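Visitor: Below you'll find the structure I mean.
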Amino acid sequence: VTRFRWHISHPLPLLHHLVLRTQSHASCAALGFFALVGFYPLCLLLLWVSGDLLQWGAGETVIRETLREYYPEGQAFLVRNLEASVEQHGGGLTLAAVFWILLGAAGVFIPLETAFNGLWGATEHRPYWRNQAVGFLLTGGGVVLAFLFVLITAFLKTTISDLQLAPLLERASAYTALRLTALSLPVAAIFLLYRFLPNHR
């Protein structure tokens, strides 16, 4: 932590640490790879649970709107393909398939723990199996947070619709509710990561 504070107070060494070190680029590439590998199956799982399993139309709508809001490009293409994948593979999603989807999403915690251990000054990394166990539990916690986000946002959208506001005010209120609840999700997720992921007290 002292080393990190020193870097913050001296921006040129921080620039060297983030831009010129090969390890930083390798960590970012690994994070990007695992995030891409786990993103689509996890979205498929969320849509399947909300739509096919729970028959919850409001939850499906919130997930689609969130993907359109936060995915940088080709949102319609992503949502259309996710819906087609749910239609094609939804009936074959068993507990074993859900387990492998969550385990695949947990892969992002391998490079992330390595980076946090370096930042926190941990002397050694967890063994691979322990990293996967912690990552799997954190992924499960993230899925629970995601469903809480969908539940709260769907409830707020339904409440706003029941108020029968003017169309512009209703859209603005729904957008604000989506943004506020979407802000609380990463705050809680970051707390979980910083508290439990580094192999350090």
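The values are calculated or read from the model by the stated rules, or taken from the named source; none is laboratory data. As the structure is a computational prediction, the values presented were derived from the model and not from experiment. Note: ideal-geometry Cβ built from the backbone for every residue, glycine included; neighbour counts use all protein chains shown. Accessible surface is based on the protein model in full, side chains and every heavy atom, while ligands, DNA and RNA are left aside. Shrake-Rupley method; radii C 1.70, N 1.55, O 1.52, S 1.80 Å.
Visitor: What tally of residues in segment 60-74 results from selecting those that are in contact with a Lys or Arg (Cβ under 9 Å, 6 or more places away or on another chain) and among the polar types (S, T, N, Q)?
Guide: Number of matching residues: 1.
Visitor: Leu14: open to solvent by 80 Å² or more (accessible area, probe 1.4 Å), at pLDDT below 70 and out of contact with any Pro (no Cβ under 8 Å at 6 or more places or on another chain), yes or no?
Guide: On the way: open to solvent by 80 Å² or more (accessible area, probe 1.4 Å): no; at pLDDT below 70: yes; out of contact with any Pro (no Cβ under 8 Å at 6 or more places or on another chain): yes.
It is false that Leu14 is open to solvent by 80 Å² or more (accessible area, probe 1.4 Å), at pLDDT below 70 and out of contact with any Pro (no Cβ under 8 Å at 6 or more places or on another chain).
Visitor: Also, quick follow-up: Condition first: more than 28 Å from Cys28 (Cβ to Cβ) and of a type in the set (Asp, Glu). Can you find one or more residues in segment 79-86 that meet it?
Guide: yes
Visitor: In addition: Residue pairs, Cβ under 8 Å, 6 or more apart or interchain, first in segment 58-72 and at pLDDT below 75, second open to solvent by 60 Å² or more (accessible area, probe 1.4 Å) and not hydrophobic (A, V, I, L, M, F, W, C). List them.
Guide: Ala58/Thr158
Visitor: Which of the residues spanning segment 45-56 are out of contact with any helix residue (DSSP H, G or I) (no Cβ under 6 Å at 6 or more places or on another chain) and modelled with pLDDT of 75 or more? Outline the logic, then answer.
Guide: Step one: filter segment 45-56 for residues out of contact with any helix residue (DSSP H, G or I) (no Cβ under 6 Å at 6 or more places or on another chain), giving 49, 53-55.
The answer is Val49, and nothing else.
Visitor: Search segment 151-171 for residues that are of a type in the set (Gly, Ala, Ser) and pair each with any residue that is open to solvent by less than 80 Å² (accessible area, probe 1.4 Å) and in a loop (DSSP other than H, G, I, E, B) when their beta-carbon atoms are under 8 Å apart and the residues are at least 6 apart or on different chains.
Guide: Listed by first residue and then by second, the contacts come to Ala154/Trp56.
Visitor: Now for a different question. Exactly one condition in (1) acidic (Asp, Glu); (2) in contact (Cβ under 8 Å) with a residue 24 or more places away in the chain; (3) within 21 Å of Leu67 (Cα to Cα) is not met by Glu87; state its number.
Guide: Here Glu87 clears every test but (2).
Visitor: Any idea which of Thr158, Thr153 is open to solvent by 30 Å² or more (accessible area, probe 1.4 Å), in contact with a helix residue (DSSP H, G or I) (Cβ under 7 Å, 6 or more places away or on another chain) and closer than 30 Å to Gly57 by Cα?
Guide: Working: Thr153 fails: open to solvent by 30 Å² or more (accessible area, probe 1.4 Å).
Sole residue among the options that is open to solvent by 30 Å² or more (accessible area, probe 1.4 Å), in contact with a helix residue (DSSP H, G or I) (Cβ under 7 Å, 6 or more places away or on another chain) and closer than 30 Å to Gly57 by Cα: Thr158.
Visitor: Let me ask another. Answer yes or no: is there a residue in segment 26-34 that is surrounded by fewer than 17 Cβ atoms within 10 Å (Cβ to Cβ), under 25 Å from Ala154 (Cβ atoms) and of a type outside the set (D, E, K, R).
Guide: No: zero hits.
Visitor: Please work out which residue is farthest from the chain's Cα centre (by Cα), limiting yourself to segment 85-128 and to residues that are open to solvent by 60 Å² or more (accessible area, probe 1.4 Å) and of a type in the set (D, E, K, R).
Guide: Filtering first and then ranking leaves Glu124.
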